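Notes for the one structure printed next.
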Amino acid sequence: MSTSFTTWQGRFERLRANKLFETCVIAIIILSALLIGAKTYEETSRFEQVLLVFDMAVTAFFLVEILIRMAAERRLRDFFKKGWNVFDFLIVAASLVPLDDSEMVLLARLLRIFRVLRLVSMIPELRVLMVALFKSIPRMGYVALLMFIIFYIYGAIGSFLFHGVDEKLWGNIALAMLTLFQVATFESWATAVLYPTMEHYPYAWIYFLTFIFLNAFIFLNMMIGIVLDVMQKESVQIELESGQGEAAELHGLRADVSALREQLSRMEAMLERREG
């Protein structure tokens, strides 16, 4: 590895770790998001050329930024070993689809929307949240399966009992489950579902309250508990990795100091021999 390459690699590495550079990247990402939002207003159609120039400038900045991060690695393959780097690379590559092609303009605009997701890769706290969310999905899937079973049972019961109240709400099990989903989200469920049903079945409130208790309180809290548990484990893991990194760095410094002491001892011994 040549000296010039090592020098430039060190410069790019320091630039990548610079807080001002990271802040600038985050600001450009936010500007890109505002730019995408501005294009949805008809009033900005007269500034279409200006917005196009801004979009090209943002795309060029992202391209340069990703190239700097790639050049900061000692080996190029080390860059692609990290999942977040691959994620950023794909988003930047997708942003290179030209907007001036009439056949690709819709796809290009849709792909540019995902540039906002780069905030997740730039901000460590958001990365922890995203990783915790993805790691929670398998455990949350079992809770969702249990919720579906409860929905199915209550949907079948509701279809059998309240079939004559309203065909649009309880005509079959599929409609009944959709109605129960409305109840679970508390979207006008009392006036649209509960009270009309209680006019024919006064004790129907037991059916609805037990369903709400199971879904809105127990299962929802189970979902939140799973996410919080995974987030806590991720935070502990990050602290351990940070501590190991600091320990490895300290060990390296101690090894360097020991090597310097050995060299000094040898030099002193050589000087003593010459004087003798």
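The values are calculated or read from the model by the stated rules, or taken from the named source; none is laboratory data. Computed from a predicted model, the values in this text were never measured in an experiment. Because the Cβ atoms are built from the backbone with ideal geometry, glycine has one as well, and the counts that use them run over all protein chains shown. Accessible surface areas use protein heavy atoms only, side chains included; no ligands, DNA or RNA. Shrake-Rupley method; radii C 1.70, N 1.55, O 1.52, S 1.80 Å.
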If you go through the range 198-218, how many residues are loosely packed, with under 12 Cβ neighbours inside 10 Å and not in a helix (DSSP H, G or I)? 2
Please work out if L35 is open to solvent by 50 Å² or more (accessible area, probe 1.4 Å) and without any contact (Cβ under 8 Å) to a residue 60 or more places away in the chain. no
Restricting the search to the range 162-183, which residues are in contact (Cβ under 8 Å) with a residue 24 or more places away in the chain, part of a helix (DSSP H, G or I) and open to solvent by 30 Å² or more (accessible area, probe 1.4 Å)? L169, M177, F181
Which ones in the range 64-83 are open to solvent by 90 Å² or more (accessible area, probe 1.4 Å) and of a type outside the set (K, R)? L67, L76
Consider the range 109-134. How many of its residues are open to solvent by less than 80 Å² (accessible area, probe 1.4 Å), in contact (Cβ under 8 Å) with a residue 60 or more places away in the chain and among the charged types (D, E, K, R)? 3
Does L106 meet the test of being over 25 Å from L228 (Cα atoms), open to solvent by less than 40 Å² (accessible area, probe 1.4 Å) and modelled with pLDDT under 75? no
Could you give me the residue pairs with C-beta distances under 6 Å whose first residue belongs to the range 135-155 and is open to solvent by 80 Å² or more (accessible area, probe 1.4 Å), whose second residue is of a type in the set (A, V, I, L, M, F, W, C) wherever it lies, and which are 6+ apart or on separate chains? K135/V230; R139/I226
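Conditions tested, residue by residue: (1) within 17 Å of the chain's Cα centre (by Cα); (2) among the charged types (D, E, K, R); (3) in a loop (DSSP other than H, G, I, E, B).
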site	(1), (2), (3)
R69	no, yes, no
A108	no, no, no
R115	yes, yes, no
E125	yes, yes, no
M147	no, no, no
Y154	no, no, no
Of F47, F61, the only residue that is open to solvent by 30 Å² or more (accessible area, probe 1.4 Å), closer than 19 Å to L119 by Cβ, in a helix (DSSP H, G or I) and among the aromatic types (F, W, Y) is F61
Looking at the range 232-239, is at least one residue at pLDDT 85 or above, open to solvent by 80 Å² or more (accessible area, probe 1.4 Å) and part of a helix (DSSP H, G or I)? no
Go through the range 185-197 and report how many residues are assigned to a helix (DSSP H, G or I) and open to solvent by 60 Å² or more (accessible area, probe 1.4 Å). 2
Which one of these does E272 not meet: (1) farther than 21 Å from M147 by Cβ; (2) out of contact with any Lys or Arg (no Cβ under 9 Å at 6 or more places or on another chain); (3) at pLDDT 70 or above; (4) loosely packed, with under 14 Cβ neighbours inside 10 Å? (3)
